[in-house]
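Values quoted throughout were computed directly from the atomic coordinates according to the rules given, and no laboratory measurement underlies them. Being a predicted model, the structure only gives us computed values, none of them experimental. We place every Cβ from the backbone using ideal geometry, glycine too, and count neighbours over all the protein chains shown.
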Amino acid sequence: MKMKSLLLNLVVIATLGMVFASCGKLKSSKGLPKDGQLHGVAPGGKYILPKPPGMVYIPQGTFHMGASDEDINYAFTARNKQITINGFWMDETEITNNEYRQFVNWVRDSIAGDKLGYKSKDGNSLDWKKIQTIKWNDPKTVEQLDAMIVTPDNRIFGKKEIDARGLVYHSETFDYKEAARKENAKEARSKFIVKKDIPIYPDTLVWIRDFSYSYNEPMSKRYFSHPAFGNYPVVGVTWKQAVAFTEWRTKYLNSFLESQKRTQESDFRLPTEAEWEYAARGGRSQAPFPWGGYYLRNKKGCLLANFKPGRGNYAEDGGLYPVRADAYWPNDFGLYNMSGNVAEWTSSIYYEGAYNFQHDMNPDIRWNAKDSDPPRMKRKVLRGGSWKDVGYFLQVSTRTYEYQDTAKSYIGFRCVIDLPPSGKRR
């Protein structure tokens, strides 16, 4: 017992010594340790990043990616393969009209601030305190921002409105894939910085364009602009616009963290095709639908998602068009509408044989298509099916595609971000 007491006392003394050392006993006036030993240098101050609002954590795991039932069209574009996925955070719902409108308003205000000369003291950035004082209903302000208003010949009853075509987001990103190539090891960093301007206002005319000989003008007029649809998923957004939203969301968060002298965080992004399917399954590896069963109705006969039941009874499931982004029951990960409501963009390029050569750990195949690339290279994977699709497209393994510069009334998106499970930095 005496020996144990002696050892315990030594441990306590050693621990106290470490505590005193951490309190600054070994530091000189310049903040460097005096003992000549290796102590390490942290890249930034310690802080706690709270759980990202509206997001849920998808734990790491392994699943069988691909058809869980017969491949009824015999396309063989989704051969079953065991895949391991790292953990990540994902939006519990599709991005809503209200959330996307925050992006649109930010772009509008930044353009207005630049035109009004609202610059910070260093002259290199905008003064957002001044920008927040802009009164858009003030005739004098509107007159100063005349360049942002539709021209007289484009006005209805002379009403001065913002020209949506002028709402352009300036994107600057770094192409890691290209920079990582061995032949580019000695190239300057500037070669891999991609700068582009992206118009970001949703195409509200998709409601008319997508359906021939069909009366959908009310949706075109109200869906994005009316408060009744604020919590409905945003549509009419191209893949490029969805990516621009993720870049802005990253910039928006990191600008705040930087203002608080905190370490910047990972980028928001679109999920890869494999991440999307893993999240949609909700831990049910071989189930064809997010709710786990083989059927589109529960035991009471109620439909479990918003889609096109039967031969076209659109309203039977409770929604003729899209419904609220948080409608129906979530899957076991807490994600809403991973099947139905609106189909969702992923970051992956659509290639029929992709499953044959992708890695079995975090598989991903991307291509940053240029305007000059052939259409085949601009296909992006769509997942989940939508309010106008039949049940086959609601299966978690069903793959389809759309072109990256195309907007539809039945396609939306949600974001993911790579953070620790607790959302905290230790």
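Rounded to the nearest 5, the antiparallel percentage of DSSP beta bridges internal to the chain is 90%. Projected label points at D418 and T84, each 7 Å from Cα along the beta carbon direction, are separated by 1.6 nanometres.
Hydrophobic long helices, here whole DSSP H runs in the chain with Kyte-Doolittle means of at least -1.0 and Cα atoms spread over 15 Å or more along the helix axis, are found at 2-20, 97-116, 239-259.
Estimated from helices alone, the mean residue ellipticity of the chain at 222 nm is -6500 deg cm²/dmol (sum of -39500 (n - 2.57) over DSSP H runs with n ≥ 4, per residue). Diffusion coefficient of region 339-426 by Stokes-Einstein, Kirkwood radius over Cα pairs, 37 °C, 0.692 mPa s: 223 µm²/s.
So which trypsin sites (Lys or Arg not before Pro) in region 127-157 are both in a DSSP loop and have at most 14 other Cβ atoms within 10 Å of their Cβ? Walk me through the numbers before you get to the answer.
Details: sites: K129, K130, K135, K140, R155; in loops: K135, R155.
Those satisfying the criteria are K135, R155.
Size descriptor for region 55-417, Kirkwood hydrodynamic radius: 22.2 Å (Cα pairs only, one decimal). A cut-off of 5 Å between modelled amide H atoms, ignoring neighbours fewer than 5 places along the same chain, links K119 with D127. So what are the ³J(HN,Hα) numbers for region 51-65, from phi and the Karplus equation (6.51, -1.76, 1.60; θ = phi - 60°), rounded to whole Hz, Gly and Pro as x? Rounded to whole hertz, the list is 3, x, x, x, 10, 10, 8, 9, x, 5, x, 10, 8, 9, 7.
Would you work out the relative contact order for the chain, in percent, from Cα pairs under 8 angstrom that are 6 or more residues apart?
Details: 707 pairs, mean separation 95.1, N = 426.
Dividing the mean separation by the residue count of the chain yields 22 percent.
Separation of the alpha carbons by more than 18 angstrom is noted, of K121/K195; K115/K140; K177/K261; K251/K380, for K121/K195; K177/K261; K251/K380.
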